[in-house]
Amino acid sequence: MNLIGIKAIYRFEMARWGRTLWQSLVTPVITTSLYFLVFGSAIGSRMSDMAGIDFGSFIVPGLILLSVLTQAIMNASFGIFFPKFTGTIYEILSAPLSALETVTAYVGAAATKAVILALVTLATATLFVDVKVDHPLLMLLFLVVISVGFCLLGFAIGIWAKNFEQLQVIPLLIVTPLTFLGGVFYSIGAIGEPWRTVTLLNPILYLVSGYRWTFFGIADVPLWSSVAVMAAAILAPLAAIIWIFRSGYRLKN
């Protein structure tokens, strides 16, 4: 394992994130704060409890994942896309780094950023609503696993994308809508058929539900199904990345 090479890429990516801290950290936190002001304070005060929990507190796990999923994909995809765009990808491919070491460095840095963003967002939420975490260690574990899964997805997107427009297609047109429709602001027990069944087809629901369980001990779906979706969120993009490095798809041409 080339730890020096992994550390070099990791430090470079974290330094790049530090130079764009306003866009990468401050802006998402401000956006999330606006959600708390609108949905937690203004609208939430007029709504009944959701699944027996104050509405403002209920939406905290979902809003954290709403920020994390988008930023995890964007950070990981841009991290590998930019070397492709500038042509320095060939220096990385020719370096004494295996595919596993390259992915570990880029995905590790992107996942670190996502976890930091989530913890800052959680701290921000405590300024607006009462937040309790029934299972803090599991909350961190779920957060890390979900972050790694979507960073792997972002890494694959970064290799697939040919331009900046393609880089944003999946996060903006697929992931973000699915997240909004995945139980961020509601429990599926509050909606009727056929929308409840349709919502159960949304994989993001299982991530939000499992993550919310670590806060309040309640879930819309069985916990094992959330764990299964988290495992799939890691294995599916990982399989795609393995194939990409073996075939050289959009890496060597």
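Sorting the segments 21-30, 152-161 by their residues' average number of neighbouring beta-carbon atoms within 10 angstrom, most packed first, yields 152-161, 21-30. Neighbour counts of other Cβ atoms within 10 Å put Asp134, Asp220, Asp54 in the fewest-to-most order Asp134, Asp54, Asp220. Helical runs (DSSP H, four residues minimum) scored at -39500 (n - 2.57) apiece and divided by the length of the chain put the mean residue ellipticity at 222 nm at -22000 deg cm²/dmol.
If the elastic network links every pair of Cα atoms under 10 Å, which of Leu238, Leu65, Leu143 fluctuates the most in the Gaussian network model of the chain? Greatest mean-square fluctuation among the candidates belongs to Leu238. Among complete DSSP H helices in the chain, those whose alpha-carbon atoms stretch at least 15 Å along the helix's long axis and whose mean Kyte-Doolittle hydropathy reaches 0.0 are 3-19, 60-86, 99-125, 136-160, 203-216, 223-247.
For the chain, modelled as a GNM whose springs connect Cα atoms under 10 angstrom apart, the maximal fluctuation among Val103, Val145, Val169 occurs at Val169.
Starting from the exponent 0.38 and prefactor 2.2 Å, build the expected Rg for segment 196-253 from its residue count and divide its actual Cα Rg by it. Its radius of gyration relative to the 2.2 N^0.38 Å reference: 1.53. Distant-in-sequence amide contacts of Met50, defined by a placed amide H-H separation under 5 Å and a gap of 5 or more residues or a different chain, comprise Phe55. For segment 108-153, the equivalent ellipsoid derived from the alpha-carbon gyration tensor has semi-axes of 21, 13, 7 Å in decreasing order. Hull volume per residue, based on the alpha-carbon atoms of segment 109-209 and their convex hull, is 129 Å³. With contacts taken as Cα pairs under 8 Å and at least 6 residues apart, segment 3-247 reaches a relative contact order of 26 percent.
Among the trypsin sites (Lys or Arg not before Pro) within segment 199-253, those in coil by DSSP and having at most 12 neighbouring Cβ atoms inside 10 Å are Lys252. Each peptide in 84-96, 110-122 receives the mean, over its residues, of other Cβ atoms within 10 Å, and ordering these scores from highest gives 110-122, 84-96.
Across the alpha-carbon atoms of the chain, the computed radius of gyration and Dmax are 18.7, 60 angstrom.
We did not get these values from a lab; they are worked out from the coordinates using the rules stated. Small disclaimer: the values here were computed from a predicted structure and weren't measured. FYI the Cβ positions are ideal-geometry reconstructions off the backbone, even for glycines, and counts take in every protein chain you see.
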